[in-house]
Amino acid sequence: MSRAALLEHWRDEADAVYLYAALAPRMAAPDARRALEEIAREEARHRDYFAERLRGTPLPPDAPSLRARGFVALAHVLGPHLVLGLLRVAEGREVARFLREVADAPTGDVPDPTFAAIARETAAHAQRLGRLTGVRGDPWHRAEAGGVVRSVVYGFNDGLTANFGLIAGVVGASVSRHVVLLTGLSGLVASAFSMAASGYLAATSQREVDTNEINVQRAELTLWPDREEHYLATLYQEKGLSPDEAGVAAHRVMGDPEVALRELAREKLGITGGGESALREGLTTGLATTIGALIPLLPYFVGGGRVAAGVAFVIAMTAHFLVGAARSALTGRGWFRSGFDMFAVGLGVAAVGYGVGYLLTGVLPSG
């Protein structure tokens, strides 16, 4: 492993020690507090391991990064739950990096046992954070990286892009600062409530669909137990068991109707249980949309005219790039490419909005 990779690991582990130690006292449940304290101790061992691997290389000061300080500040404002969801994704990305480094190593190389243990503990950290936040699955698989983080990123993105386009439109119409503020705040409220309602209804609808599918599957178990047992046996054979082993396994599972129902729901329907709280999904999406929609409006609270328009454009375009880069945590694309794509979308929205406002100024009646 290169020194640059070792140094990156060392920085990540040092940040993790700071983050978990800072978040632990904010956890209301004693079990959650102890879990974060234990993770902090393990992260300290990881940091020391990479420091030892870097012996002879000057290390930067062991001070938390701006990103780590930002996470702690976010926990103070919005509570630790959201930050734990973000850290779960971050731990998943660290596991993915460990796995990639092992995959890229020359054939026949045996990983350092301590390195392998650190990778296992990091995976365990992600899973423990998932239990604390009510999210299932392994976040180093991209399909499992959604939940709260996905709601935040896409809610923020929707609020930022929609309101930025709306504000650009009225700016193009050369209206007063008062009108810009009124329009932007109206767009903010409308977007926030719309996205919150959409998030809530989507989660509720998905849960209703899952419940209906499970009820249908329960009826199938009642009417056709032999058919469902045969389905399980066939499935187990496809996974590598012999016909006799698959038959025994399927028969044992069918011996407990609730176990059989869970197994069939997972294997046949893709329903694993759990899922996001509909209310939390709605509130998270609505809050993220509000923050995103507020960004291009901020300069108009302190001034107007071309200066406010220019500042709004700069901060909105910067935010577009950053939220695009953040989406790479969910999509697996490179952060710069993802950020640039979002930047281009924001630029297009601004151009279209401004152009429409400018053109319609002379067309629509003024009274």
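The values are calculated or read from the model by the stated rules, or taken from the named source; none is laboratory data. Please read all numbers here as calculations on a predicted model, not as lab measurements. Side chains included, ligands, DNA and RNA excluded: accessible areas come from the protein's heavy atoms. Shrake-Rupley method; radii C 1.70, N 1.55, O 1.52, S 1.80 Å.
What the table shows:
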{"quantity": "The chain: relative contact order as a whole-number percent, Cα under 8 Å and 6+ apart", "calculated": "21"}
{"quantity": "Surface share of carbon and sulfur [accessible, 1.4 angstrom probe, percent] for region 58-107", "calculated": "65"}
{"quantity": "Order of exposure, largest accessible area first, which applies to W10, W335 with probe 1.4 Å", "calculated": "W335, W10"}
{"quantity": "Accessible surface of region 187-261, 1.4 Å probe, proportion on carbon and sulfur as whole %", "calculated": "60"}
{"quantity": "Per residue solvent-accessible surface (Å²) - the chain, probe of 1.4 Å", "calculated": "54"}
{"quantity": "Candidate residues E43, E37, E229: accessible-area rank, largest first, probe 1.4 Å", "calculated": "E37, E229, E43"}
{"quantity": "Nonlocal amide H pairs with I271, under 5 Å, H built at 1.01 Å", "calculated": "R266"}
{"quantity": "Which of Y49, Y231, Y200 is most accessible, then next, and so on - probe 1.4 Å", "calculated": "Y200, Y231, Y49"}
{"quantity": "Between helix 335-361 and the chain: long-axis angle, C-alpha atoms, 0 to 90°, nearest 10", "calculated": "30"}
{"quantity": "Among G172, G85, G255: highest mean-square fluctuation, GNM of the chain, C-alpha pairs under 10 Å", "calculated": "G255"}
{"quantity": "Karplus (6.51, -1.76, 1.60) ³J(HN,Hα), θ = phi - 60°, over region 296-302, in Hz, Gly and Pro reported as x", "calculated": "x, 8, 3, x, 7, 6, 10"}
{"quantity": "GNM result for the chain, Cα springs below 10 Å: residue of T284, T234, T133 fluctuating most strongly", "calculated": "T234"}
{"quantity": "In order through region 115-120: 3J(HN,Hα) via Karplus (6.51 cos²θ - 1.76 cosθ + 1.60), integer Hz, x for Gly, Pro", "calculated": "4, 4, 5, 5, 4, 5"}
{"quantity": "Which labelled figure in (1) 5, 21, 26, 22, 16, 8, 1, 0; (2) 5, 22, 32, 29, 11, 2, 0; (3) 5, 18, 23, 22, 18, 9, 4, 1, 0 is P(r) over Cα pairs in 10 Å bins from 0, in percent, once derived from the coordinates", "calculated": "(3)"}
